[in-house]
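Report on the following structure.
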Amino acid sequence: MSRKLSVALALVVTAAMLLSACATPTPQIVKETVVVTKEVVVTPTPVPKKVLRMNLGPGDVPTLDPSLATDVSSVQVIELTSVGLTRQNEETAAIEPGMAESWDISEDGKTYTFHLRKGIYWVKYDAAKGEVVQVLDCQGKPREVKAQDFWYGIIRTLKPETASDYAYVLAFAIEGAEDFNKGVITDTAAVGVKVIDDYTLQITFKEPAAYNANIAGMWVAHAEPSWLIEGDECTEARGDKWTETGFFQGYGPYTLKEWVHEDHIVLVKNPFWPGIPSVPQAKIDEIVFRMLEDTAAFAEYEAGNLDVAGVPIGDIDRVKADPVLSKELVIGPVLCTYYYGFNTKAPVVNDVRVRRALSMAIDRKALVENVLKGGQEPAQWFCRPGLTGCPTPKDYPDLGVKYNPEEAKKLLDEYLKEKGLKPEDLDLTLMFNVGVGHEKIAQAIQQMWKEKLGINVKLASQEWKVYLKTIRDPKATPQIWRLGWCQDYPDANNFTREVFSFGGSANPAEGGGVNWKNDKFEELVVAAAKEMDPKKRVDLYAQAEQILVYEDAVIAPIYWYTRVTCTKPYVKRTFSILGGLEHIEKWDIAK
Amino acid sequence: MTRYIVRRFLWMLLVLFVVSLITFLLMHAVPGGPFDREKAVPPEILANLNAKYHLDEPLPKQYLRYLWDVFIPHISHIPPGTSLTDDHLINVKIGEKLWLKWMNFGPSYSSRSRTVNDYFRQQFPISAQLGTLALLVAVLIGIPLGILAALKQNTIWDYLGMGIAIFGVSVPVIVLGPILIWIFGVTLKWLPPTGWGAKPPFILGFIPSKLGPEFFKYAIMPSIALGLGQSALIARLTRASLLQVLREDYIRTARAKGLPERAVIFVHALKNSMIPVVTVLGPMFAALVTGTFVTETIFGIPGMGRYFVISITNRDYPLIMGTILLYAVILVLANLMVDITYAFLDPRIRLTD
C-alpha cells in the first residue's frame, strides 16, 4: 500500500471513529397512533403574532416534568403549561382557586375535598398542522383533565423510584405519603389522596394547617398524563422523555412548541384554555425563553432582541443613569432571605451576647446601598415579608434585630470583661462559599465588625459543594457561615419552621448548622402552623422570629432579595414577587 | 503503517481505561455529592435519589457498573429514547421490541431530563462546529502572518505581524467577546449578539443541516473571538520555525541549485517548518472542538464547554466521566493524526511499530 493511500485510509478510519462516537441512534419508526380531529378553528385573523422574548438564565432548563422540577426556570415553564389545584397570585402571594373551582375543608381541618373545573382539556402542539390540538383518548374523544390525572401526578411524585427531590413537601404534609415515599408501604390506598369521581379529589393532610391549600397547588401535585408517560392501548409510552418537543402534553394557558436544549424554549398559546379568574386566557401568542447568561441577555435586550431582561450588577449604575433604560427599570421583591448563621455550640459564639453583638453591629442599610446596589431590603428577621404569615416591617417596625453599634459594643464588652479578654483576643471565623458577591459582603461585614467592635474576624471560603458538607458536619461547622433561603410554597412555615426548627434544613438533628434547640420556639412554630386566624398567625411567627434573631440570636439576617429587571415599554406586565415566577398569561404586548 | 495505527488504537483503549479510573477516583474523593443543595435534601429523599442512580453501592461496584454500561453491548426490550437510565449511543433494532444497544454513558444528575449521550448528540456537535471554525480562523490568519514575519524578518512587516500576534494573545475572549458584541451586535446591529445558527439534528452527527448565511451570521463573531488568540500562537510558532528551517543546509542547496526563491520557500522550507505548528494543532484542535466555556457563555452558544466546568461543580458524576472521556478520545485521535501528518511533512520521519 502506498503511503499516501494509507494516510488517506487512516484519516477515513479516524473520521469514522469520530463520527460513530457522535452519531445519532438509528432512527426508529414511531407509531403515531393519536388521531386528531380538528374541532376548533383557531384565530383565523391575519393579526401579527404577539411574541414575547425573555431569558431564563444560562444552561438548560433542568426539566419540564412537574414531579422532578426543583428550580425557578423549570417551575416557570411548568406553571404556564399546567395549573395546580390552587394557584398563587403572583402579586399578592395569596392562594386562589386554580384547577379546583372550590374546596371544602372537613371539621378537623385535615381533609380537603377539591371540586375540579369541567371542560379543561389536555392539549399538545402539532408541528405538522402548526397549531395546538386537543389530545384524544382511545375512543377518539378529547381527554379532559380529571381527578385521576391529579391523583396520578401526586402518586408519581411520591413513588420512591421517581426519586423526586420535592416529594418531601408532599411527604411532609399528606397522610401516609411519607411511608409511601420511603418505600415502607407500597399500597397507594394508604396515601391520603383519593379520587371520589372524575371531578372530585380528596386529600387528607397530617395537620390542619393553614398552608395545606398552598401545598395542594404546588407543581409536584399537578395533573400528569399517565397515558403518555406509561403508554396505553392507543398511545406509545414516552417514559422519562415525555416532556420533549413533539411529545409534550399539558393543559395550562400555554403549551410547549419547541425545546431546543441549552438554547431556547418556545411556548405557544393554548386556545382551548377557557380562562378562569386567576388564570385568564393568554393574550400573547408565543413566548420565547432564551437561556443566556446575564450580560449576554442584557446585550440582546439593548439590541432589541429581548423584551424583558435582568440587569447585571455591573450595569446597574449605568442603567440608572441612562435616560431611556432608567424608565424601563423596575426593582421588585423576591421571596428569599440572605443570612449568616451562628454555630451556637462553637467557642465564642456559644455566648448569646457575642452573637447578638455581631448581628447588631452589621449596618445592613449601608451594605445594601454601597455594596449590593440592587435595591435589596435590609432584613430585620428571617421570614421574607410578602409570604403568608410573615410579619412585615410596616406592621412590626421594632421587631427583630437592627443596627445598633453602641448596644453591640456594650454586649461584647460585658462578655469580654467576664472572660477577662481583649477584643483582639477573640478567635472568630466567618465562612462562605466561593463567589465574588459573597466575598464582597463578607469583607464589608468584617470591616464593620472591626470598626464597631474592634474584633478581627477571619474569612474563609470553600467551593460550593465542599462548603455545604462543611456547614452540615457536626465536627466541622464553622462559627459563622452564610446561606440563603427561597420559598417553595408561599408560607412562613416554609421559612421559620422548616429551616430552623430542630431537625430543619439549617438545623440538622445530627448536629451542624445552627446547632440549636429552643422549646418555646418549637411550640410557637407548631402553634402558628395550626392557627387559622391570619392575624394571630403572623403574631405567633413574630414571636418566634424575635427568639430566632434577637433573644437567642441564632442567625444574623442580612437582606431580603430583590430583582432588577428592564422591560420594554410596549410590554404590559405584572411583577411577580414569587421568586421570579411570572404569570405571563396576564401580560400583553401593545406595539 | 496499518499496524502502527492498530497499535495506537489499542493504546488508546488502555489510555481511556486509565483516564476513566483516575477520573472516577478523583471525583469521588472530592467532598460533597451531587445532591448537596442549599436546601438540605431530607435523608429519605436522598436515599431515593442514591438508590435511583446506584450511588448507594460500594465504589468498586459503581465503577464496574459504569464500565459495563459503557463498553459492553446489551440486548434490551426498552425502546430507545424513553428512559434516562437506559440511553445508548448505538441502538440496532434486532427484532420485535428488541434492540442491541451499546455505550450508555448514564443520566445527568443535574438535568432531570437528559442523559450524557444527549449532550454528545446535541451539544458536542455545536462545540465541534465552533471549534473547527475557530481553528480555521487561527490557521488562516496565523500561518500567513507567521510566514510574512519570517520572510521580512526585522522589518516593519515583522514587527507589525508580531505586534498583532502579541495583541491576539494578550486580549482574552472575555474582553474581545463583549467588545465585538457591543460594536457589531448592539450598536451597528449587523450581527446577532448571541446564539447559534444551527440546531439538532445534524448531518453525520455534526454538520449543520443548513450551512448558509444564517449559520455564518451567528458563527462569525465567536469564531473570530476564539480563533484570534490561537492564531497569534500559530503565527509566532510559524515564524520561529520557518526562520530556523531557512538556515538549514538543504535550503542552501536548493538555492545553490538555482531554484527560484518562491519554490525554495513554498516547496522546501514551508513544508518542513510546519512540523512544530502541526504538533500544537493536535491538542489545540482537541481543546477547541470539545467546547470552550468562556466563549460559549459570552455568546450564548448551546455547546458542550459549559459542562466541562459545571459538571464538576455540580458533582454530576456521569457527566464528569463523559466529558473527560470525550476529551481524551479526541485528544488521542488528534495526536494520532498529527503523527500521521509528520510522516507526510518530513520524509525523515517514518511511522514504524
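Taken as a whole, the stretch A:376-398 holds at least one residue that is within 25 Å of the chain's Cα centre (by Cα) and surrounded by fewer than 16 Cβ atoms within 10 Å (Cβ to Cβ). Within the stretch A:282-298, which residues are in a loop (DSSP other than H, G, I, E, B) and within 11 Å of chain B (Cβ to nearest Cβ)? Listed by number, the residues that qualify are A:Met291, A:Leu292, A:Glu293. Restricting attention to the stretch B:310-336, the residues being over 20 Å from B:Phe293 (Cα atoms) and crowded, with 18+ Cβ neighbours inside 10 Å number 4. In the stretch A:462-495, which residues are over 22 Å from A:Leu335 (Cα atoms) and away from chain B (no Cβ under 14 Å)? Within the stretch A:462-495, A:Pro478, A:Gln479, A:Ile480 meet the criteria. Go through B:Lys210, B:Lys199 for me and flag whichever is farther than 27 Å from B:Ile143 by Cβ and within 13 Å of another protein chain (Cβ to nearest Cβ). Result of the check over B:Lys210, B:Lys199: B:Lys199. The sole residue among A:Leu201, A:Leu170 that is in contact with a strand residue (DSSP E or B) (Cβ under 6 Å, 6 or more places away or on another chain) and either among the hydroxyl-bearing types (Ser, Thr, Tyr) or under 28 Å from A:Glu531 (Cα atoms) (or both) is A:Leu201. Screening A:Tyr168 against (1) surrounded by fewer than 23 Cβ atoms within 10 Å (Cβ to Cβ); (2) touching a Pro at 6+ places or on another chain (Cβ under 6 Å) leaves a single unmet condition, (1).
Only one of the numbered conditions (1) modelled with pLDDT of 95 or more; (2) touching a Lys or Arg at 6+ places or on another chain (Cβ under 9 Å) is violated by A:Leu335, and that is (1).
Among the residues of the stretch A:549-568, none qualifies, meaning not one is closer than 30 Å to A:Glu107 by Cβ and β-branched (Val, Ile, Thr).
Within the stretch A:299-329, being within 14 Å of another protein chain (Cβ to nearest Cβ), of a type outside the set (D, E, K, R) and either without any contact (Cβ under 8 Å) to a residue 24 or more places away in the chain or loosely packed, with under 15 Cβ neighbours inside 10 Å (or both) holds for A:Ala299, A:Ala303, A:Gly304, A:Pro312, A:Gly314, A:Val324. Looking only at the stretch A:234-248, filter to residues that are among the charged types (D, E, K, R) and part of a loop (DSSP other than H, G, I, E, B); which one of those is nearest to the other protein chains (Cβ to nearest Cβ)? So the residue we want is A:Arg238. The set of residues from the stretch A:142-201 being within 14 Å of chain B (Cβ to nearest Cβ), β-branched (Val, Ile, Thr) and either without any contact (Cβ under 8 Å) to a residue 24 or more places away in the chain or within 23 Å of B:His54 (Cα to Cα) (or both) comprises A:Thr157, A:Thr162, A:Val184, A:Ile185, A:Thr186. For the stretch A:500-527, a residue qualifies if it is part of a helix (DSSP H, G or I) and within 23 Å of the chain's Cα centre (by Cα), and the qualifying residues are A:Phe500, A:Val525. Identify all residues within the stretch A:430-480 that are crowded, with 17+ Cβ neighbours inside 10 Å, of a type outside the set (A, V, I, L, M, F, W, C) and under 20 Å from A:Val354 (Cα atoms); write none if there are none. A:Gln446, A:Lys452, A:Thr477, A:Pro478, A:Gln479 - these are the residues of the stretch A:430-480 that are crowded, with 17+ Cβ neighbours inside 10 Å, of a type outside the set (A, V, I, L, M, F, W, C) and under 20 Å from A:Val354 (Cα atoms). Only a single criterion out of (1) without any contact (Cβ under 8 Å) to a residue 12 or more places away in the chain; (2) part of a strand (DSSP E or B) is not satisfied by A:Gly332, namely (1).
Would you confirm, using the coordinates I've provided, whether B:Ala51 is within 11 Å of chain A (Cβ to nearest Cβ), among the hydrophobic types (A, V, I, L, M, F, W, C), touching a Ser or Thr at 6+ places or on another chain (Cβ under 9 Å) and without any contact (Cβ under 8 Å) to a residue 24 or more places away in the chain? Let's see the steps before the verdict.
Values: within 11 Å of chain A (Cβ to nearest Cβ): yes; among the hydrophobic types (A, V, I, L, M, F, W, C): yes; touching a Ser or Thr at 6+ places or on another chain (Cβ under 9 Å): no; without any contact (Cβ under 8 Å) to a residue 24 or more places away in the chain: yes.
Considered against the rule, which asks whether it is within 11 Å of chain A (Cβ to nearest Cβ), among the hydrophobic types (A, V, I, L, M, F, W, C), touching a Ser or Thr at 6+ places or on another chain (Cβ under 9 Å) and without any contact (Cβ under 8 Å) to a residue 24 or more places away in the chain, B:Ala51 comes out as no.
Looking at the stretch B:288-296, is at least one residue among the charged types (D, E, K, R) and modelled with pLDDT under 90? For the stretch B:288-296, residues among the charged types (D, E, K, R) and modelled with pLDDT under 90: absent. The C-beta contact set for the stretch B:17-34 (first residue more than 12 Å from chain A (Cβ to nearest Cβ), second residue small (Gly, Ala, Ser), distance under 8 angstrom, 6+ apart or interchain) comprises B:Val19/B:Ala328. For the stretch B:54-63, does any single residue satisfy the condition of being within 12 Å of chain A (Cβ to nearest Cβ) and exposed (fewer than 15 other Cβ atoms within 10 Å of the Cβ)? So far as the stretch B:54-63 goes, yes, one or more of its residues are within 12 Å of chain A (Cβ to nearest Cβ) and exposed (fewer than 15 other Cβ atoms within 10 Å of the Cβ).
Within the stretch B:291-310, the set of residues being more than 11 Å from chain A (Cβ to nearest Cβ) and among the polar types (S, T, N, Q) comprises B:Thr292, B:Thr295. Looking at B:Lys93, B:Lys189, B:Lys101, just one residue is modelled with pLDDT of 90 or more, within 30 Å of A:Glu244 (Cβ to Cβ), surrounded by fewer than 18 Cβ atoms within 10 Å (Cβ to Cβ) and at the interface with another protein chain (Cβ under 9 Å from one of its Cβ atoms), and that residue is B:Lys93. The set of residues in the stretch B:340-351 being more than 10 Å from chain A (Cβ to nearest Cβ), within 18 Å of B:Thr2 (Cβ to Cβ) and without any contact (Cβ under 8 Å) to a residue 40 or more places away in the chain consists of B:Ile349 alone. Selection over the stretch A:185-200 of residues that are assigned to a loop (DSSP other than H, G, I, E, B), surrounded by 14 or more Cβ atoms within 10 Å (Cβ to Cβ) and of a type in the set (D, E, K, R) gives a count of 1.
Among the residues of the stretch B:67-85, none qualifies, meaning not one is closer than 20 Å to B:Ile312 by Cβ and facing chain A (nearest Cβ under 9 Å).
The values are calculated or read from the model by the stated rules, or taken from the named source; none is laboratory data. Note that this is a predicted model, so its numbers are computed, not measured. Note: ideal-geometry Cβ built from the backbone for every residue, glycine included; neighbour counts use all protein chains shown.
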